[in-house]
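S.K.: Input: one structure, supplied below.
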Amino acid sequence: MTAETDLTFGQQLRIQGRVIWALTMREVITRFGREGIGAFWLLAEPAMFVIGVTLIFSFTESFGTYSVAEYMAVSYPTLLLWRNGTGRVMKSLDVNRALLHHQPIRPIDIIYSRILLEFAGASGSFIVLFVIFIQLGICQWPANLLAMTLGYFLVVAFSFAFVMIMAALAELSETIERISHIITYLMLPFTGVFIPLFLVPQQFRGLLLYFPLIDAVEYFHFGYYGNRLPTFFHIGYTIFSITGMILVSYALVNISVRKVQLS
């Protein structure tokens, strides 16, 4: 038996945790360097997207009990998770092939580290900006913090599964890598971020609810707005669908990892 197989599950888990953390810190230094504000760009980059979009829509009129600027300030951060995450994992295994010569590093650890970094930056900037927007009067305290938190975690779970699937497909097909940005752009109208679902004609609303991301975003809106905004979701279906996506993503990642290891 090798030394690795002699380790207990808990010991192996701690080793892989340290590996993922080390890869994440390496990615921070590679992306942001040590000059200027350095790692603070992790929060600054997504924050600038949200602030820019909020400022643009701050000049639009309010509708009913909410303003468009408030809607975008709350909704747009959910888009950064899966959209920016997808861009960061494209061909991550191929470009980091040299790291796989180190025995403790598994191919999936490289994907995990990039997802962790991107999600941490997007989530951290959202929390900071949300508190600031509340103080500025742009946003309000959530009507149901627990539901809003659960909705956000569902968006995170969908984003994790989607990013994993895209990472695996990009390793299996160069075509997916080249059209990944087209896929993410085409998804924008079907995210519930730019158009509240209650404004969609009823005959199309039911079809859109089959897309679990819209369900998750709508439940997130329900937690924030409460009765101020009509929302539509099927939480049981959403959890079931996202769980299925995660299982599919791991199956695809395993196939792509074998391709990378054999090539």
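The values are calculated or read from the model by the stated rules, or taken from the named source; none is laboratory data. Fair warning: this is a prediction, and the values are worked out from it, not measured in the lab. Counting neighbours? That spans all protein chains shown, and the Cβs are built from the backbone with ideal geometry, glycine included. Please note that ligands, DNA and RNA were not included when accessible areas were found on the heavy atoms of the full protein model with its side chains. Shrake-Rupley method; radii C 1.70, N 1.55, O 1.52, S 1.80 Å.
S.K.: Does the stretch 231-245 hold any residues that are surrounded by fewer than 16 Cβ atoms within 10 Å (Cβ to Cβ) and under 26 Å from ILE110 (Cα atoms), and which are they?
M.R.: THR243, GLY244
S.K.: Just to be sure I understand, how many residues within the stretch 191-206 are assigned to a loop (DSSP other than H, G, I, E, B) and surrounded by fewer than 20 Cβ atoms within 10 Å (Cβ to Cβ)?
M.R.: Of the stretch 191-206, the ones assigned to a loop (DSSP other than H, G, I, E, B) are 191-196, 200-201.
Right, trim to surrounded by fewer than 20 Cβ atoms within 10 Å (Cβ to Cβ) and you get 194-195, 200-201.
Selection size over the stretch 191-206: 4.
S.K.: Additional query: So for the stretch 149-163 (the condition being more than 16 Å from the chain's Cα centre (by Cα) and either aliphatic (A, V, I, L, M) or open to solvent by less than 80 Å² (accessible area, probe 1.4 Å) (or both)), does at least one residue qualify?
M.R.: No: the stretch 149-163 contains no residue that is more than 16 Å from the chain's Cα centre (by Cα) and either aliphatic (A, V, I, L, M) or open to solvent by less than 80 Å² (accessible area, probe 1.4 Å) (or both).
S.K.: So, of the residues in the stretch 15-49 that are open to solvent by 80 Å² or more (accessible area, probe 1.4 Å) and either modelled with pLDDT of 85 or more or closer than 18 Å to LEU80 by Cβ (or both), which turns out to be nearest to the chain's Cα centre (by Cα)?
M.R.: PHE49
S.K.: One residue is enough: does the stretch 96-106 have a residue meeting the conditions in contact (Cβ under 8 Å) with a residue 60 or more places away in the chain and open to solvent by less than 10 Å² (accessible area, probe 1.4 Å)?
M.R.: Checking the stretch 96-106: not a single residue is in contact (Cβ under 8 Å) with a residue 60 or more places away in the chain and open to solvent by less than 10 Å² (accessible area, probe 1.4 Å).
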